[in-house]
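Report on the following structure.
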Amino acid sequence: MIAGPVAEIPPGGRKLVEAGEGRRIVVFNLDGEFYALANRCPHQGGSLCDGIRTGHVTAPEPGIYSYERRGEMIRCPWHSWEFDIRTGKSWFDPRRVQVRQFPAHVEKGSALVEGPYRAETFPVRVEDDYVVVEA
């Protein structure tokens, strides 16, 4: 499935795409690396595309805080469940709760145009005033 040109999803951006059969996938650009997640929070189905990108606050000891992984987490807009954009895993229970992740990569447009498509062809020749198709 082609999500669109790279320019449509700038660094820090996201794009919602239809994957057929009612499936929706949100594609994220994290500094030139692309990641794709199902657009449905496993809790109650909130749209992750509408969520806030955030990071982590860690505290190695009381009074010392650090904000890490800026923009690498997506927070569901309904109940604030957070998921790692790179892996789809939840922050609170990464072994049991996750969003389905899809592989995403960049390909040259010329490679996509050629594709695996083959048209059925027939040899054609011209005789006098007639076109003859050899089938």
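Restricting the first member to segment 85-108 and to residues that are in contact (Cβ under 8 Å) with a residue 12 or more places away in the chain and closer than 20 Å to Pro11 by Cβ, and the second to residues that are part of a loop (DSSP other than H, G, I, E, B) and small (Gly, Ala, Ser), the beta-carbon pairs closer than 7 Å and six or more apart or on different chains are Gln101/Gly88. Residue pairs whose Cβ atoms lie under 9 Å apart, separated by 6 or more positions or on different chains, with the first residue in segment 15-35 and at positive phi and free of Cβ contacts under 8 Å to residues at least 40 places away in the same chain and the second surrounded by fewer than 16 Cβ atoms within 10 Å (Cβ to Cβ) and in a loop (DSSP other than H, G, I, E, B), are Gly20/Met1; Asp31/Pro11; Asp31/Gly12; Gly32/Pro11; Gly32/Val106.
Are any residues in segment 53-92 hydrophobic (A, V, I, L, M, F, W, C) and within 15 Å of Leu30 (Cβ to Cβ), and if so, which ones? Once the filter is applied, which keeps residues that are hydrophobic (A, V, I, L, M, F, W, C) and within 15 Å of Leu30 (Cβ to Cβ), segment 53-92 yields Met73, Ile74, Phe83, Ile85. Taken over segment 6-47, the criterion of being small (Gly, Ala, Ser) and either touching a Cys at 6+ places or on another chain (Cβ under 6 Å) or part of a loop (DSSP other than H, G, I, E, B) (or both) is satisfied by Gly12, Gly13, Ala19, Gly20, Gly22, Gly32, Gly45, Gly46, Ser47. Taking the criterion of being within 17 Å of the chain's Cα centre (by Cα) and outside any strand (DSSP E or B), the only residue of segment 63-83 that qualifies is Cys76.
Within segment 48-62, does at least one residue satisfy the condition of being surrounded by 12 or more Cβ atoms within 10 Å (Cβ to Cβ), part of a loop (DSSP other than H, G, I, E, B) and at pLDDT 95 or above? Yes, because at least one residue in segment 48-62 is surrounded by 12 or more Cβ atoms within 10 Å (Cβ to Cβ), part of a loop (DSSP other than H, G, I, E, B) and at pLDDT 95 or above.
The values are calculated or read from the model by the stated rules, or taken from the named source; none is laboratory data. In this text the structure is predicted, and so the values were computed from the model without any measurement. Please note: Cβ atoms are built from the backbone with ideal geometry, for glycine as well, and neighbour counts cover all protein chains shown.
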